[in-house]
Amino acid sequence: MSDKDIQSSYEHSAERMSGSDKTLRAALDPGDTNDPDFHQDLHEKIKIDYDGIVKSPDMEKVHQWQRDHIKKGDQSKEGYPLNVIIDPAMREMYQVVHNAGMTNVFDRFSQQQPIQCKFCIEGLSCQLCANGPCRISTKVPRGTCGVDAHTMVARNFMYRHVTIGTSANIFHCHQAARTLRAAGENPQSGLKIRDGEKLKKYAEMAGLNSSLPLDKLAVEFANWVINDIHAPFHTPSKAVEAFAPAMRKELWRKLDLFPGGGYSEVAFAQTQCMTNFNSDPVEFLLRSVRLGVANEYQGLFLLDILQEILMGTQVITKKKQNMGLLKENMINVITNGHMPLLAHVAIDIASSPEWQQKAKEAGAEGIQILGHVCEGQQLINYSGTHDQKGYGGQEGEWLSEEYLFATGAVDLFMFDYNCTVPTLPIFAKRFGTKLLSVHPVIKLQGTETLDFVPEKMAEQAVKALNIAIESFKRRKAENRKVYIPPHVSDCMVGFSTESIKGALGGSFKPLIDQIANGNIRGIATIVGCTTARYGQGGSNIFKITKGLIENNILVLSGGCTSSVMEYTGLTDPKAAEEAGEGLKAVCKQLGIPPVLTFGACVDIGKMTLTAKELADALGVDTNKLPLVIGAPEYLEQKAVADACTAVALGWLVHVAPVPSITGSDVVVKTLTETTETLGLGKVVVEMDAEKTVQIYKDHIEKKRKELGLQ
């Protein structure tokens, strides 16, 4: 068969499989790809106009507009997306990109709405075997293999969301452990052990000899973490045993939710998802909770500890955020993702007089590295990175990536892990940004990728910085036009279990006293992503958070939600004026805002530590705390795995938009009712901000009553 015949056979397959005379692919234009090789004439085709847009006012007026806007409830389809974008910089750059006709996340969301599948939305679509795709309805209540709606929905939930999210967080932890090991074994790597006391503390909790020299202890602890991750699923996890709450461990053993090695747990769960394996929907859901335990203690919690040992524990301080931190005559490097392991070495090097001089020799005023999405939220919090000359600040949430490129001021965009959108090669080609992947787990078309070699991080960081200098030279040589939205927000950052306890004098008792006397009714964590959906785009997060602090509920944020809190001014101590009288008094006394940013989405692992220590101080299990976990604009698989962690720890979890579980009343009932009867948490789905605030309030008051706090 000739190559032409083979190609023809693919086209004929569409008629055989779907009844169409051609594949959908055949109708696509080569320009519909993200491969930059198919976009050679972008500068001619796409005309950028920075002047013909409505500019945002100064930040004081922006903050007032944001507050007036959410009172109107105007976040519907009409007026979208400018009626949901409340970041002033993104509002400007969206107009630039949209007016130029370039693809972008908000316009793509609108384009997708007419073709989104109701079966997929409800979890009633399956593509696991060659008899499919199968869809379940009242007329066809089973798939070809015989699977019913309940199994299909539960299996999709675990396979498509929980296993991927769990493996991603555990993989991240594994990379951090590799890096700590390299710091101990290879002094020439450029890595440092910045928090030796933390290393000693957690190594001792793991049962290791904490009196070893720090470099040897780093290797021992890193290997302990890696070995636990790689243990069989039937060998109880040493990390869970060492770090999880005692009362929870007892319950998990009773319910068979105590996990073994994380990678093996994921393998077991994905094997269960094969065609004609498990058909018990409740088993899928309980297995998801078991994965949630591994997700926390072999993923989130440990990766936070490992990264802080390398980069320094959070320190409460004031910093700045948003696109106005870019400088036209500086070499601007953006580091994006969730794993700032190479980034912090690059900041070390860029901060040296030698490299600042190299930047000047290239015609720049200097070189600065700015963090973006969760990577930026970590760098802004770590004491070892955020005070260096080469550090420039935090940029924004994942929705702003394409618009950030459109400023024309980004010389290098280096990315490592998660939340790097596929269209960036097109934007990089049009606006002259150099793209560089610093981990092979993530690759974009036409983009250079570095292998992740912790032992060579200094060498790799130097390569990245040299690429940035050359990119800046090209920008200046081509005299490319630049527009930087001038907006910058002041924010207080650096909150963590240790820094909060330190600010309270070394004990959580003052915080517990304020909760007991009612000045603080309870705590809500508003964590996770932002979404492009109608009614969301950051505005839903803001509206809910405003309602919570007005009702004396202290808010902890993590993830892209932290960016929303920052550009709306809620992480500025001045925001205490917007809180209820009790919370306001506490914030003013301590000089803190009513929203405490813990940093990244992965810093949820630190929030659970804070909750554990509060529960220990009260002498209760974690499910007794007046606490709600909220992900009002969750986006992807890690967020679902994190929700399973919260259910395992016994907490009420609010998620929006509604996940793909509504196709089964069994799945809905199990997650929203049955799990709570087992001593676990439960899931609530609600899109309306006012109703969400009331749900949080009611749950917190219920828990206060159970604790005897009136």
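The values are calculated or read from the model by the stated rules, or taken from the named source; none is laboratory data. Since we're looking at a predicted model, the values are computed, not measured. Note: ideal-geometry Cβ built from the backbone for every residue, glycine included; neighbour counts use all protein chains shown.
Within region 694-709, residues that are modelled with pLDDT of 95 or more reach partners that are not in a loop (DSSP other than H, G, I, E, B) with beta carbons closer than 6 Å, at six or more positions or on different chains, in the pairs ILE695/VAL684; TYR696/ALA524; TYR696/VAL628; HIS699/VAL628; HIS699/LEU652; ILE700/GLY522.
Here GLU566 qualifies as among the charged types (D, E, K, R), within 16 Å of the chain's Cα centre (by Cα) and at pLDDT 95 or above.
The condition of being over 22 Å from LYS201 (Cβ atoms), out of contact with any helix residue (DSSP H, G or I) (no Cβ under 9 Å at 6 or more places or on another chain) and at pLDDT 95 or above holds for only one of GLU283, GLU265, GLU250, that being GLU250.
Check whether at least one residue in region 122-141 is assigned to a helix (DSSP H, G or I), in contact (Cβ under 8 Å) with a residue 24 or more places away in the chain and either more than 29 Å from the chain's Cα centre (by Cα) or not assigned by TED's automatic domain parsing to the domain that holds SER563 (or both), and report yes or no. No, every residue in region 122-141 fails to be assigned to a helix (DSSP H, G or I), in contact (Cβ under 8 Å) with a residue 24 or more places away in the chain and either more than 29 Å from the chain's Cα centre (by Cα) or not assigned by TED's automatic domain parsing to the domain that holds SER563 (or both).
When you scan region 421-433, do you find a residue that is in a helix (DSSP H, G or I), more than 22 Å from GLY366 (Cα to Cα), among the hydroxyl-bearing types (Ser, Thr, Tyr) and in contact with a helix residue (DSSP H, G or I) (Cβ under 8 Å, 6 or more places away or on another chain), even just one? No - not one qualifying residue is present in region 421-433.
Of all the listed residues (ASP416, ASP387), the sole one being of a type in the set (Asp, Glu) and surrounded by fewer than 24 Cβ atoms within 10 Å (Cβ to Cβ) is ASP387. In region 161-194, the residue that is surrounded by the most Cβ atoms within 10 Å (Cβ to Cβ) out of those that are in contact with a Leu (Cβ under 8 Å, 6 or more places away or on another chain) and outside any helix (DSSP H, G or I) is LEU191.
Surrounded by 13 or more Cβ atoms within 10 Å (Cβ to Cβ), at negative phi and either modelled with pLDDT of 95 or more or in a loop (DSSP other than H, G, I, E, B) (or both): does that describe VAL62?
It is true that VAL62 is surrounded by 13 or more Cβ atoms within 10 Å (Cβ to Cβ), at negative phi and either modelled with pLDDT of 95 or more or in a loop (DSSP other than H, G, I, E, B) (or both).
Within region 259-294, being among the β-branched types (Val, Ile, Thr), under 14 Å from TYR159 (Cβ atoms) and crowded, with 21+ Cβ neighbours inside 10 Å holds for one residue alone: VAL266.
With respect to GLU328, is the statement that it is assigned to a helix (DSSP H, G or I) and either among the acidic types (Asp, Glu) or within 19 Å of GLU459 (Cα to Cα) (or both) true? Answer is no for this residue. Of all the residues in region 458-500, those that are without any contact (Cβ under 8 Å) to a residue 40 or more places away in the chain and closer than 24 Å to TYR94 by Cα number 1.
Please tell me if VAL225 is closer than 22 Å to VAL289 by Cβ, in contact (Cβ under 8 Å) with a residue 24 or more places away in the chain and out of contact with any Phe, Trp or Tyr (no Cβ under 6 Å at 6 or more places or on another chain).
Values: closer than 22 Å to VAL289 by Cβ: no; in contact (Cβ under 8 Å) with a residue 24 or more places away in the chain: yes; out of contact with any Phe, Trp or Tyr (no Cβ under 6 Å at 6 or more places or on another chain): yes.
Answer is no for this residue.
Scanning region 164-186 for residues that are farther than 18 Å from ILE305 by Cα and in contact with an Asp or Glu (Cβ under 8 Å, 6 or more places away or on another chain) gives GLY165, GLU185, ASN186.
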